[in-house]
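> My structure is below; once you've seen it, I'll send some questions.
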Amino acid sequence: MTKISIVIPALNEETGIGPVLREIPIATLEQMGYETEILVVDNGSTDRTPHIAREQGATVILQPVRGYGNAYKAGFANASGEIIATGDADLTYPFAMLPLLIKKLEQEEVEFLNTDRLTNLDKSVMSTSHQWGNWLLTQLIKLLFGCPFKDTQSGMWVFKREIWPKLNVRAAGWPFSWELKIEVYRRGLKCAEVPIAYRARVGEVKLQTLRGGLDAIFNVFRKRLQVALDSNKSPEVSMRDLLLEPDPAQRTL
Ligand SMILES: Nc1nc2c(ncn2[C@@H]2O[C@H](COP(=O)(O)OP(=O)(O)OP(=O)(O)O)[C@@H](O)[C@H]2O)c(=O)[nH]1
Ligand SMILES: [Mg+2]
């Protein structure tokens, strides 16, 4: 039986974590032939997040070093499934879509599948500053790296675990999300992107828009420099073989 590791970073998400874990369609995945393990990565929540996660049957991993990227690194290091699926603990991502996303990954032999929140975005669920920030960063990343994902900040991905050791993702914090996408693209992995219905957050917002945005822009340029230095060492990196458009049937998801 193929195993799926669902990795969820959670910092003080006691309102969201319970409903998020209940939304994961474990029974449907099992009928499809998949075993599921759920890993919630915490770094010192001061509320009931880890307690609720355990109550709902998840394994809680304690990452001593704070940061969104650090949480994912600990989660991936502990994941034992052949497939990894991710998402936030704040009820924004539709975990109910996992069976469809996994089907797409398997049937089209995709190695990394991103979800796109922006194409069908209900504008009332994301602040205007975040909408602009997401758009700007996505354009900048397209310009500097040629990376064609429509939503470089999306936090819901489904991918083959075996690709993770090939990627050089250094970010400890928020930039982890877009750095991961730059890495899968520049390594020439087979990618896809599927539009999803993003929802309003429950619980407390963690990202500071202005500081986060300025930080992101600085980090994107730094990454560009690192990639330039790195490509000198490995010019054979393949940039193609991308499959980005979901098929028409997938658009209605
Ligand atoms: N373990 C861990 N989880 C974190 C940390 N920072 C954020 N998270 C979690 O990572 C996920 C993404 O963080 P969010 O605060 O939702 O950030 P966002 O999705 O960019 O922004 P909004 O949802 O719009 O507020 C959530 O589940 C957070 O609880 C951290 O330092 N450690
Ligand atoms: Mg979120």
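Values quoted throughout were computed directly from the atomic coordinates according to the rules given, and no laboratory measurement underlies them. Bear in mind that the values here come from a model prediction, so they are computed numbers and not experimental data. In this analysis, Cβ positions are derived from the backbone assuming ideal geometry, glycine residues included, and neighbour counts consider all displayed protein chains.
> Over 29 Å between C-alpha atoms is what I'm after, so list which of Lys142/Lys206; Lys103/Lys223; Lys103/Lys166; Lys3/Lys223 land there.
Lys103/Lys223; Lys3/Lys223
> Give the order of Leu101, Leu143 when sorted by the count of other beta carbons within 10 angstrom, beginning with the fewest.
Least crowded to most crowded, the residues run Leu143, Leu101.
> Specify the residue with the greatest mean-square fluctuation among Val110, Val205, Val169, computed from a Gaussian network of the chain linking alpha-carbon atoms under 10 Å apart.
Comparing Val110, Val205, Val169 in a Gaussian network model of the chain, the most mobile one is Val205.
> Around Glu162, with a cut-off of 15 angstrom between Cβ atoms, what is the net charge of the other residues, counting Lys and Arg +1 and Asp and Glu -1?
On the way: positive: Lys3, Lys160, Arg161, Lys166, Arg187, Lys190; negative: Glu82, Glu106, Glu109, Glu111, Glu183.
Its environment carries a net charge of +1.
> Follow-up question, since we're still on this one. List the residues whose amide H sits under 5 Å from the amide H of Thr2, counting only those 5 or more places along or on another chain, with H placed 1.01 Å from N in the peptide plane.
Counting only residues 5 or more places away or on other chains, the set is Glu35.
> Are there GluC sites (Glu not before Pro) in the stretch 16-90 that DSSP puts in a loop and that have at most 16 other Cβ atoms within 10 Å, and which ones?
Glu82
> Same structure, new question: So what's the net charge close to Asn43: Lys and Arg +1, Asp and Glu -1, counting the other residues with Cβ under 14 Å from its Cβ?
That works out to 0.
> Ok, one more. In whole Hz and in residue order, list the ³J(HN,Hα) couplings for the stretch 159-171 that follow from phi through the Karplus curve 6.51 cos²θ - 1.76 cosθ + 1.60, θ = phi - 60°; x for Gly and Pro.
After applying 6.51 cos²θ - 1.76 cosθ + 1.60, I find 8, 6, 4, 4, 7, 4, x, 7, 9, 9, 9, 9, 4 Hz.
> Next up: Write down the Kirkwood hydrodynamic radius of the chain, to one decimal in angstroms, obtained as one divided by the mean of 1/r over all alpha carbon pairs.
When all Cα pairs of the chain are included, the Kirkwood radius is 18.4 Å.
> When the dipole is taken about the Cα centre of the chain, and only Lys, Arg (+1) and Asp, Glu (-1) are charged at their Cβ, what size is it in debye, to the nearest 20?
Numbers: 30 positive and 30 negative charges, 165 e Å.
Approximately 800 debye in magnitude.
> Using alpha-carbon positions, what is the distance between the centroids of the stretch 28-51 and the stretch 153-183, in Å?
Centre-to-centre distance over Cα atoms comes out at 19 Å.
> Now for a different question. Taking the Cα centre of the stretch 63-130 as the origin and placing charges on Cβ (Lys, Arg +1; Asp, Glu -1), which of Ile102, Gly67, Ala85 is farthest toward the positive end of the dipole?
Working it through, the farthest residue towards the positive pole turns out to be Gly67.
> Additional query: Taking springs between alpha-carbon atoms closer than 10 angstrom, which of Gly81, Gly133, Gly146 fluctuates most in the Gaussian network model of the chain?
Gly146
> Continuing with this model, one more query. For n ≥ 4 DSSP H runs only, could you compute -39500 (n - 2.57) per run for the chain, divide by its residues and tell me the 222 nm figure to the nearest 500?
Rounded to the nearest 500, the figure is -12000 deg cm²/dmol.
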